[in-house]
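Only one structure is covered here, and it is reproduced in the block below.
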Amino acid sequence: MGLGGWIGGIVFLTIVQAAPPTQPYAQAGSWVYTSVTYQGETHAVNVYRPSGYPNDAPYPVVYLLHGWGGTPTVWPNEYPILAEQADTYGVLIVAVEGDNSNIPPSWYSPRAQIPWPDGEFWRISFYDWFFRGVLPWVAANYAIRTDPGGRAIAGFSMGGKGAMSLAGHRPDLFVAAAEWGGVMDLRDYSTNFDIQYVYGPIASQTLSYAADSPIELAANLKGLSITLLHGAEDTYVHYQQSRTMRDKLSTLGYTYLWEEIPNLAHVVNNYEITRTLQRFDAAFLVNGVHIPPEVGEAFGAFAVGKDFVNHLPFDFEEVGD
């Protein structure tokens with residue numbers, strides 16, 4: 001599947017019918033671990049409904065992407081502050097699976113049929129599973145806002161890359177994005193973290209690495225609320241990654257929040273989560289549908305303008321009104 005190219009003309013969006021949850025809902029104020037299937041590709045999601053749900057419907061949604069080797073259960077198990085913040089700001093949290101011990105890392109990419117030593121995985125790419133499967137499933141099963149102004153995405157490490165690249169590919173679907181210790185340029189880690197299985201050898205696939213790197217997609221983030229948080233002691237995914245992204249956004253003249261957290265290595269801490277949810281809450285308060293002016297006048301149809309680069313040549317079937 002090619003990673004470069006332009007999308008021309010108008011693409012009309014339709015709602016994809018989603019399967020019902022595989023487990024009954026728990027009471028509000030608790031996490032529900034279930035799964036979403038799209039075209040035979042099934043992966044886990046972990047959903048937190050804030051206390052009081054559904055009294056204040058419709059709710060904005062925060063999508064969470066875990067790091068390399070993680071699972072969607074890492075968030076409730078290690079970061080109870082997420083539930084506290086979701087209750088405070090009245091948001092639904094949807095943590096999604098990007099890999100686990102049984103499947104290779106997707107790197108939250110548009111690449112399908114990832115070759116692995118014992119076979120092929122991600123026959124449907126994470127990109128398709130997420131946009132065409134997860135987003136419609138959440139809209140069909142929860143009382144949420146379906147306008148882009150009510151949707152944000154955040155992630156750690158590999159998930160930080162995912163949050164920024166997914167928002168970069170589809171800025172018309174988000175109001176805010178945040179990365180915590182994220183890989184902003186895949187080319188810098190082409191021999192690490194199983195990245196070569198997803199994108200191929202760097203020598204022959206440089207364009208593929210570039211086309212899905214947040215640093216190359218940064219121009220598409222115009223108008224979004226962007227948060228870059230990185231540990232000042234992080235050398236696992238070096239803090240220079242977020243600095244480089246900061247510099248690129250500065251060159252573009254975009255607004256953002258960038259912070260290096262003192263004494264923090266390659267982990268997420270409570271401050272980063274709290275700071276991000278605060279910024280997301282402020283972005284959710286923006287009145288009306290928050291999309292770049294090039295995209296069009298309605299969420300139901302959009303045109304790709306000249307400022308949108310490295311979009312993929314798909315016929316989109318996304319959630320709409």
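The values are calculated or read from the model by the stated rules, or taken from the named source; none is laboratory data. Only a predicted model underlies this, so the values are computations on that prediction, with no experimental measurement involved. Glycine gets a Cβ as well: all are built from the backbone with ideal geometry, and neighbour counts include every protein chain shown.
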Residues being outside any strand (DSSP E or B), buried (at least 24 other Cβ atoms within 10 Å of the Cβ) and either in contact with a Leu (Cβ under 6 Å, 6 or more places away or on another chain) or free of Cβ contacts under 8 Å to residues at least 60 places away in the same chain (or both) - total across the range 131-165: 5
For the range 167-281, list the strands (runs of 3 or more DSSP E) that sit wholly inside it and hold at least 2 residues that are in contact with a strand residue (DSSP E or B) (Cβ under 7 Å, 6 or more places away or on another chain) and free of Cβ contacts under 8 Å to residues at least 40 places away in the same chain; which are they? 257-261
Go through the range 186-209 and count every residue that is closer than 19 Å to residue 121 by Cβ and among the hydroxyl-bearing types (Ser, Thr, Tyr). 3
Counting just the residues of the range 38-51 that are in a strand (DSSP E or B) and polar (S, T, N, Q), which one comes out nearest to residue 143 (Cα to Cα)? 46
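Considering 122, 68, 116, 107, which residue is farther than 30 Å from residue 285 by Cα and over 19 Å from the mean Cα position of the chain (by Cα)?
116
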In the range 52-87, anything surrounded by 18 or more Cβ atoms within 10 Å (Cβ to Cβ), in a loop (DSSP other than H, G, I, E, B) and either in contact with a Lys or Arg (Cβ under 9 Å, 6 or more places away or on another chain) or not hydroxyl-bearing (Ser, Thr, Tyr) (or both) is listed as 60, 66, 67, 68, 70, 72
Can you work out which of the residues in the range 90-107 that are in a loop (DSSP other than H, G, I, E, B) and of a type outside the set (Gly, Ala, Ser) is surrounded by the most Cβ atoms within 10 Å (Cβ to Cβ)? 107
Lone qualifier among 320, 231, 300 - being at pLDDT below 95, under 24 Å from residue 108 (Cα atoms) and touching a Leu at 6+ places or on another chain (Cβ under 7 Å): 320
